[in-house]
Amino acid sequence: MKRVRKGVLWLLAVIMVISSVPGTAFAWRGDNFLDVKKVPSGKSGQSMTISMVFTNVDGRDLENVAIRFDEILANQESDAFEDGETFTGSIFPFEITTDTFDNKKIGNVKDGSTKNISITGRVRRDIADGYYSVPIEIVENATSKNDGNFLKREKVNIWITKSTSPTEPDESEGDIRFELGEGQNTPSGVYPQVMNFDINFRNSSNITAFDVNIRMGLDQDSTKFPFDINDGSYNRHYDKIGGGEAVAVPYSMAIRKDVYSGYYPITFTIEYRDSTEGDVQKTEQIFYVKVQNKEKEENIGDFDPNDRTRARIIVDGFETIPETIYAGEEFELILHMKNASDHVAASNILFSLESEKVTDSAVFTTDAGSSSFVVNHLGAGQTTDLKVKLQAGAWVDQRTYAITINEKYDSPEFKNAEEKVTVDIPVRQVARLNTGTVEVMPDSITVGSETNVMFPINNTGKVLLYNVMVSFAGDSIQQNSSYVGNIKPGETGNVDVMITGAAPTMDDGKVKILITYEDENGVVSEPVEKELTLMVTEPMDPGFDIDDPGEFPVDGEAQGASGPGKILIPVLVVVVIAAAGGIVFILKKRKKKEQELGEETDNEI
């Protein structure tokens, strides 16, 4: 049994040694996922990174792909010790720690696509020089550090060199280090030229830096940063920079107009990872540039008003009397002016009011008094009121207009300081309308019948009339209303409505027309009253006996009638009686004549 087991172990050892031929990246050829362009090398006792290219050759899209060191070889090594013999070919070359066999995530990889990946481990101190075959397991659907569905197992050859001394420093151990500007002169430029320069950027460690971002530090202060900030980002990105590798980072910068000559330190923030899945690390480096423009001495003694302290006078609030201002009307404006400074007083203050103009005409004018005011002193935090009577032009449109308050004042360190502040004053226009001729057809109806009322409504003002409504009210008609809609300034809306008689007219026949509208805030106006004349009478009773006119009322007295009705109704009754009497008379005469003709015929016979 021991011989069989020993033979199997020898066979495994031979296979692993054969698979470690120099220059061959993998023990198994064919459709491999992993590939290396150069056999990785490392030293015993030091960290080592194996960089590879992953190609999806599975014929389908893969999700959550990861690679990791395979634990099988480590387990085989523990079984290879027998009778004190150790088989070199089965040695796992890396130290085993809690995270040695954790997943190194690649992510989603489409069919046929490739991604760069690296895996890092510390080489054991007890192994000899030579090639070692490292088993790597490929899994998919990996969501945590050690899960995933097995996809394939592949091997990568590495070359290990024995350290010359156990105390030899580990050049690749510790933080990645970067050097800026090695072997180059300080870039310089002259305003207004554009500076085009490269910065030599070198990874001075032996560890490959991944996902490298080089960010230039910007500043709005021209005394700290000499270039115009024209781009949204000055970030330079590199997927990886190998240990000892140097790159030229290009920049094209426009020199600021107001910058002074001199050397300027530019701060660069460098973000990177020490492996493809490592945490983002950050470091800062300083790089100097030289700019030639104006000298500081040239501007010594130049006056800058902003260098002196002065008061700040603002409008703390205002009010008008009346509160609503209509075009063409006079109003009083009260301004509350405040020195907003907390420690600087103002004196000899001159306030001058200036109205906004429309077509070169001032919107607000004053007929009496002055629009200028003088205040002798206004301490820090104090307030004073300015009162002025103004009139808004009758011709202006309904909107908000500005009044500018020009300020001129002294402060202890600042004489004749000038400022401007504004307030906005809303001006309203009075809505105006009139109506055309009211047509009533017919102008006399009976109870229950209808008449047609038509007339135009003209917007004679300067504001739009919203949701115009017309209502009709009277004792002799049914209440009715009509929606006209919006009427623009200068335009006309038409009313066309049918009115039904409800009761006989008991007065002079006047019916009220009530017109309402809304403003831009939806507030309904007071009704505008107009009138029309309409007579409503009782309907005639067609059921009287034409042969018995005596039964028709002859006194003409209609119940409840008054005024013109007392005259009109009797007249109508008389006319009807007369007509009926005439008809009866004609019929009787015709009957008598027919009888006479009949008698004559009888006589002739």
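Just so you know, all these numbers are worked out from the coordinates, no wet-lab data involved. These figures come from a predicted structure and were not determined experimentally. With ideal geometry, Cβ positions are generated from the backbone for all residues, glycine too; neighbour counts draw on all protein chains shown.
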With r defined as the distance between the Cβ atoms of Trp395 and Glu439 and R0 fixed at 22 Å, what FRET efficiency is calculated, to the nearest 0.05? 0.05
Sum up the charges of everything whose Cβ sits under 9 Å from the Cβ of Leu151, counting Lys and Arg as +1 and Asp and Glu as -1, but leave Leu151 out. -1
Beyond 31 Å (Cα-Cα) in this structure, taken from Lys115/Lys145; Lys43/Lys282; Lys37/Lys290; Lys294/Lys338; Lys387/Lys488, we find Lys37/Lys290; Lys294/Lys338; Lys387/Lys488
In the neighbourhood of Asn376 defined by beta carbon distances under 15 Å, the net charge of the other residues (Lys, Arg +1; Asp, Glu -1) is -2
With +1 on the Cβ of every Lys and Arg and -1 on the Cβ of every Asp and Glu, and nothing else charged, how large is the dipole of region 362-462 about its Cα centre, in debye rounded to the nearest 20? 160 debye
What is the extension gain from Asp102 to Met506, computed as 0.36 nm multiplied by their sequence separation minus the C-alpha to C-alpha distance, in nm to one decimal? 134.9 nm
Arrange the following residues from fewest to most other Cβ atoms within 10 Å of their Cβ: Thr533, Thr97. Thr97, Thr533
Over region 33-72, what relative contact order in percent results from Cα pairs under 8 Å that are six or more residues apart? 40 percent
Cβ-defined net charge surrounding Phe268, 10 Å radius [Lys, Arg +1; Asp, Glu -1]: +1
Computed lengthening from Thr422 to Thr186, 0.36 nm per intervening residue step minus Cα-Cα distance: 79.8 nm
Compute the length gained on full extension between Ser471 and Asp111: take 0.36 nm times their separation in residues and subtract their Cα-Cα distance, giving the result in nm to one decimal. 121.8 nm
Quick check for you: which residues of region 194-238 have the amide N under 18 Å from the point 7 Å beyond the Cα of Glu271 toward its beta carbon? 209-219, 232-238
